[in-house]
Amino acid sequence: MVRMSVLADCLKTISNAEKRGRRQVLIRPSSKVIIKFLQKMQEHGYIGEFEIIDDHRSNKIVIDLTGRLNKCGVISPRFDVTHDEIEKWVVNLLPSRQFGHILISTTYGIMTHEEARRKKTGGKILGFFY
């Protein structure tokens, strides 16, 4: 079976492990986008520490789960989002304005929708978590 999206696979695995009440989850393969996505999730406190294990292939990641994550997902295809359209996506994807984050890949790197709004930049929408 061919993997279509490594990021989608990763987020679905995390979501399933969180629903089952697991404390740790093993993700493979790893990619730069997955690592940046996990760093943003960790920055906002949705996951604990994660460790990248080098297996001389495509690496593995062990993530400590905190139990705070309700849902995470990937948006496929990666739609173009202008700075004006970010609000529309927030309304469609997130349950409330108070919590949840949408990650956008911009020319300044991967950032949340709030950072993109502050910098007045658009990009391609990667996924969301809350």
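Descriptive notes on the structure:
- Measuring nothing but protein heavy atoms, the accessible surface of the range 1-102 at 1.4 Å probe radius is 49 percent carbon and sulfur.
- Measuring gaps between exposed loop sites in the chain (trypsin sites (Lys or Arg not before Pro); DSSP loop; at most 10 other Cβ atoms within 10 Å), the longest gap, sites not included, is 4-56.
- All Cα pairs of the chain, percent lying beyond 16 Å: 62 percent
- Highest-MSF residue in the chain out of Gln24, Gln39, Gln98 [GNM, Cα springs under 10 Å]: Gln98
- The spacing between the range 6-36 and the range 104-130, judged by their C-alpha centroids, is 21 Å.
- Averaged per residue, the chain has 60 square angstrom of accessible surface, using a 1.4 angstrom probe with ligands and nucleic acids left out.
The values are calculated or read from the model by the stated rules, or taken from the named source; none is laboratory data. These figures come from a predicted structure and were not determined experimentally. Here Cβ is always computed from backbone atoms with ideal geometry, including for glycine, and neighbour counts include all displayed protein chains. Remember, those area values only see protein heavy atoms, side chains included, never the ligands or the DNA or RNA. Shrake-Rupley method; radii C 1.70, N 1.55, O 1.52, S 1.80 Å.
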